[in-house]
Structures are given as structure tokens and as C-alpha cells.
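Scroll down for the structure; my scribbles are underneath it.
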Amino acid sequence: MDRKTDACATGAPRRRAALAGARAPHRPLRVLLVVLGAVALGLACRSPAHADEPRDRHDAILSAARSALVAVDLFVKLPADDDADAISGAGEVMTSFLEDRQLEQLARDKKAIQLMGVAVAPRALVVPDTGVDPQRIERWEVTEASGRRTLARRSGVLLDVPALVLEPIEADASWTVPDFTDAAIEANTPLVAVTPQWSADEWVLAAAPLRSVTAWEAGSGDAAAGESFWLVAAAAERGAAEDALFGRGPRPAAAALILDAQGRPLGAAFASRVYARRTVPPWRAADLRTAPRMDPDDQVRDRVRDRLSGSVYPVRIEYRRPRGGSQTFPDSELLGWAISERWLLVPHGIHRTVAARIARISVR
């Protein structure tokens with residue numbers, strides 16, 4: 001027993017020594033793996049200095065756009081002859097007839113056409129032109145980012161872009177103008193476009209980078225050879241006539257706010273492309289302020305009436321009822337321009353199927 005005990009006593013240290021010797025070569029490798037794992041974990045957990053910059057810049061861009069863009073509600077009214085089939089002179093064109101019906105439904109439901117524009121001056125707000133007849137407009141309501149509401153009226157129509165200029169009705173009212181920068185831009189300057197989108201009865205903002213492009217064919221279109229420009233948005237997916245034809249109501253429309261890479265507002269785009277060194281189409285804030293515009297329709301109408309009163313004659317077109325049918329077109333009240341002693345020019349188009357139903361044309 002003593003010998004066995006001594007053998008066990010002496011064998012245990014030998015086995016422990018052998019095991020320790022077998023594990024000894026793997027200890028440095030295990031330590032190295034532990035160190036590398038710790039370093040990798042530290043690198044993964046540590047946020048790099050530039051990782052937060054794009055997110056911060058994106059938030060700054062949306063914050064600048066949120067304060068620069070202004071919501072506008074366009075309310076329409078029923079025509080004076082609400083019992084008539086349509087506004088005089090518009091019923092012979094099917095799309096005009098449907099557009100008129102949609103506006104009447106908006107007026108009855110007391111709903112507004114949603115727009116979004118940009119204030120370029122304390123008393124000048126530029127919004128997209130929806131093409132609504134001024135006689136059908138009841139009021140404009142402007143809502144700033146702070147929630148302040150202001151009643152406005154149309155003060156002009158821009159000639160180089162499809163946009164209108166609004167001004168406050170109250171003499172002492174004004175809007176907050178964004179801090180537009182006049183920084184020069186080049187063809188390779190990265191720009192950002194913030195495009196408002198109407199979704200689920202509210203405006204949402206989407207920011208997208210813009211890169212300059214050039215025309216494939218040098219000198220094609222309105223671009224000079226080798227001239228660069230930025231595509232802000234594609235062409236309209238559908239027009240007002242198509243909206244009316246398929247039963248869609250007037251679409252919300254908004255200006256695209258253009259900012260530089262630092263999030264500083266440069267202007268607002270109302271066309272599908274913008275140029276670095278062109279003022280047409282205007283999109284920089286300074287160019288929108290001084291862009292050529294036309295006076296409101298009532299002032300233009302008065303001037304035209306005074307100048308052409310001696311050569312313009314009222315024209316009335318009456319339509320006959322088709323045989324075996326009950327549908328009739330309302331009479332059209334138009335204006336004709338005398339271009340000679342026996343010729344009268346009526347600037348109005350009528351489809352041939354409708355023209356075949358003309359019963360009488362009278363000139364007063």
C-alpha cells in the first residue's frame with residue numbers, strides 16, 4: 001500500500017506537469033485571440049467621427065426645409081349660376097366639364113386644394129400655379145411652420161415658371177423669409193432637393209441629393225453645348241385634363257426647396273431643371289423676387305378691355321339637341337376679335353363632334 005501511495009503521490013505531479021506542458025504552447029494563442037477580440041469589439045462599439053455627420057446634416061436639411069416651406073390652402077367657390085350645367089363656354093369640352101364638376105364638389109365639401117410654396121420676401125409668397133380659374137377662387141389660407149395663419153390674395157403670375165405670387169390681404173401682415181444664401185455654385189456643386197409630398201392628409205418631406213447632368217446631344221433642347229444642369233423632378237405624371245377625365249380631384253402641388261450640401265437654402269424650383277448661371281427658369285431666391293410677372297387677371301382684363309373694346313364682339317353659340325336624346329350642351333358665351341370687315345376670330349377650340357351640333361352662332 002505504501003508503494004502504491006508513493007506511486008500515486010509521485011505520479012500526480014508528473015501528470016499535472018505534462019498537462020501544463022501540453023497547454024503551454026496554446027496559452028499565447030489564446031491570449032492573442034482574446035486581445036484581438038477585445039480590440040475588434042472596441043472598434044465596433046466606438047462611433048467614428050464621421051459616422052454622425054451625414055445624419056446630422058440630413059436632420060439640418062430637413063429642419064431648414066421645415067421652416068422655409070409654407071403650406072397653402074386654396075378654397076374654391078360655386079359658380080354664380082349654380083343651377084346651370086356648367087360655367088358658360090366650358091361645357092363643350094369634356095375635360096373642362098369634369099374639372100368644373102370637381103371644383104364644384106370641392107366647394108360643396110368645403111375642402112381645399114393643398115399647395116406648398118416659399119416666401120421670397122416679407123410680402124411675396126411663390127406657389128405652384130394649379131390653373132384654377134380666378135373666378136372660381138374663394139380665398140387663399142397660408143399656414144407657416146409656427147402655425148400662424150394668414151389670408152392672402154394673388155398679386156401676380158410668373159411668366160417663366162408655372163407659379164403664382166401671393167401677398168397678405170392685411171396691410172401690416174408679413175411672412176418669415178428663410179435665410180437664403182447667395183453662395184455661388186458651379187456645375188459640380190452637389191445640391192439637395194427637399195420635395196414635399198402629400199400623404200395621408202399631411203405634408204411629408206423627402207430629401208434627395210442632386211447631381212449635375214449634361215444633355216446627351218450637345219446643344220439639344222434649351223441647353224447650350226456642354227452646359228450642365230440639375231434635374232429636380234421628372235415631368236408631371238399626369239395633367240389636369242387626365243385627372244379630370246379619370247375622376248381624380250385637383251392634385252396637391254408643391255415647390256422643391258433647393259439647398260447646398262451644408263443645408264443652406266438656395267431657392268425653390270418650380271421647373272424640372274435648374275441651371276447654375278441662368279436666371280430662366282428662375283429658382284434662386286433673388287431671381288424669383290425679380291422674375292418678370294403679369295398682373296392679376298382683373299387688372300389685365302381692364303387694360304385689354306380698354307384697348308380692344310372697339311374690335312371685340314360677344315359671340316353666342318347655341319347647340320341643338322340630338323335626335324332621340326336628351327343631352328344638350330349649354331350655350332357658349334365667347335369673345336371674338338375682328339380681324340377684318342367680314343372676319344371674326346374666336347380663340348376657342350371645339351371638337352368636330354360638338355361642332356356638328358351647332359345650331360346658331362350670333363354676334364352682338
Quick check on the exposure proxy: order F75, F180, F270 from fewest to most C-beta atoms within 10 angstrom. F75, F180, F270
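Taking 0.36 nm per intervening residue step and subtracting the Cα-Cα distance, what contour gain separates A145 from M294 on full extension? Mind dumping the intermediate values first?
Details: separation 149, 0.36 × 149 = 53.64 nm, distance 2.88 nm.
Once the chain is fully extended between A145 and M294, it gains 50.8 nm.
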Would you mind pulling out the separation of the Cα centroids of region 274-294 and region 113-179, in Å? 17
Other residues with Cβ under 12 Å from the Cβ of S174 give, with Lys and Arg +1 and Asp and Glu -1, a net charge of -2
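Throughout, read-outs are computed from the coordinates displayed, never taken from laboratory work. These numbers were taken from a predicted model, which means no experiment stands behind them. Here Cβ is always computed from backbone atoms with ideal geometry, including for glycine, and neighbour counts include all displayed protein chains.
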